[in-house]
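The values are calculated or read from the model by the stated rules, or taken from the named source; none is laboratory data. Computed from a predicted model, the values in this text were never measured in an experiment. Counting neighbours? That spans all protein chains shown, and the Cβs are built from the backbone with ideal geometry, glycine included. For the accessible areas, the whole protein counts, side chains as well, though only heavy atoms, and no ligand, DNA or RNA atoms are used. Shrake-Rupley method; radii C 1.70, N 1.55, O 1.52, S 1.80 Å.
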Amino acid sequence: ATRMCERIEALTLSPLRCIALPRLARSADLSPTLQRELRQSAALAAWVWGGTCAATVPILTLAVGREHAPAAAPILQGLALLGLASALMMPLTQALTAKGFTGLVLARAALGLGASAAFMALAVTVGPTACALALSLAGGVAHLWLLQRALPRLRLPWGDLAPVAPPLLAGAAMLLLLLAAPPLPLLAEIALGTGLYALTLAAFRLPKRGFA
């Protein structure tokens, strides 16, 4: 499950991270650039990680086999929360790096490491799924800590985070539908989830286009 999470992140978040940093570094007006990067990152992350949570067992069946997939599924679902949070925070982290606030980024990493160790010490006595959730919780604590400090440091309003809302809502709708649907082949789940996600996301953006 951990390897699968790393592969998904490498295929989705890593390319966006490489693209975002030079864009943010060159930007003379950080606010619209950051909003664009947040919109792109959230649109991809909500689709990928929402779909991963919904189709965990079929995905892991391909990776580790039918026998081990059900046991590993809750672990991947727990780690998916951390993957989603990291993807949503990536543009802000890259903005801090681009503007020279690397100390804040390193402090977030240190806080995340400490929180992970503390939560894992408790979760390890419960089981692997609890450990995955502990890592996601520790990451969430570190991301919230950074979020409260990053926007004031960059002199940006909280409203600049608004672009993440439509993808998150569309991803939640996709996840709920796929969980409520009867078991489907993996390709069918991908097609159904992608179609619903695209339609829902487009619906959220229609009013904005209408007033433009």
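Key figures for this structure:
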read-out: Leu88 being in contact with a Ser or Thr (Cβ under 7 Å, 6 or more places away or on another chain) and either assigned to a helix (DSSP H, G or I) or not β-branched (Val, Ile, Thr) (or both); value: yes
read-out: Matching residues in segment 144-176 - criterion: being open to solvent by 20 Å² or more (accessible area, probe 1.4 Å), of a type outside the set (A, V, I, L, M, F, W, C), assigned to a helix (DSSP H, G or I) and under 28 Å from Ala202 (Cα atoms); value: Gly159, Pro166
read-out: Residues located in segment 62-76, provided they are farther than 17 Å from Thr129 by Cβ and either aromatic (Phe, Trp, Tyr) or touching a residue at least 40 places away in the same chain (Cβ under 8 Å) (or both); value: Leu62, Ala63
read-out: Answer residue from segment 29-79, given it is open to solvent by less than 20 Å² (accessible area, probe 1.4 Å) and of a type in the set (Ser, Thr, Tyr) and is nearest to the chain's Cα centre (by Cα) among those; value: Ser41
read-out: Test: Ala134 is without any contact (Cβ under 8 Å) to a residue 12 or more places away in the chain and surrounded by 11 or more Cβ atoms within 10 Å (Cβ to Cβ); value: no
read-out: Checklist (1) open to solvent by 30 Å² or more (accessible area, probe 1.4 Å); (2) touching a Gly at 6+ places or on another chain (Cβ under 9 Å) applied to Gly103, failing item; value: (2)
read-out: Answer from Ile19, Ile8 - the residue that is in a helix (DSSP H, G or I) and open to solvent by 30 Å² or more (accessible area, probe 1.4 Å); value: Ile19
read-out: Residue under evaluation Thr129, criteria (1) in contact with a Ser or Thr (Cβ under 8 Å, 6 or more places away or on another chain); (2) within 28 Å of Gly193 (Cα to Cα); (3) β-branched (Val, Ile, Thr), criterion not met; value: (1)
read-out: Selection from segment 185-195 of residues that are over 19 Å from the mean Cα position of the chain (by Cα) and open to solvent by less than 60 Å² (accessible area, probe 1.4 Å); value: Leu186, Ala188, Glu189, Gly195
read-out: Test set (1) closer than 17 Å to Ala46 by Cβ; (2) open to solvent by 20 Å² or more (accessible area, probe 1.4 Å); (3) of a type in the set (A, V, I, L, M, F, W, C) - Leu113 fails condition number; value: (1)
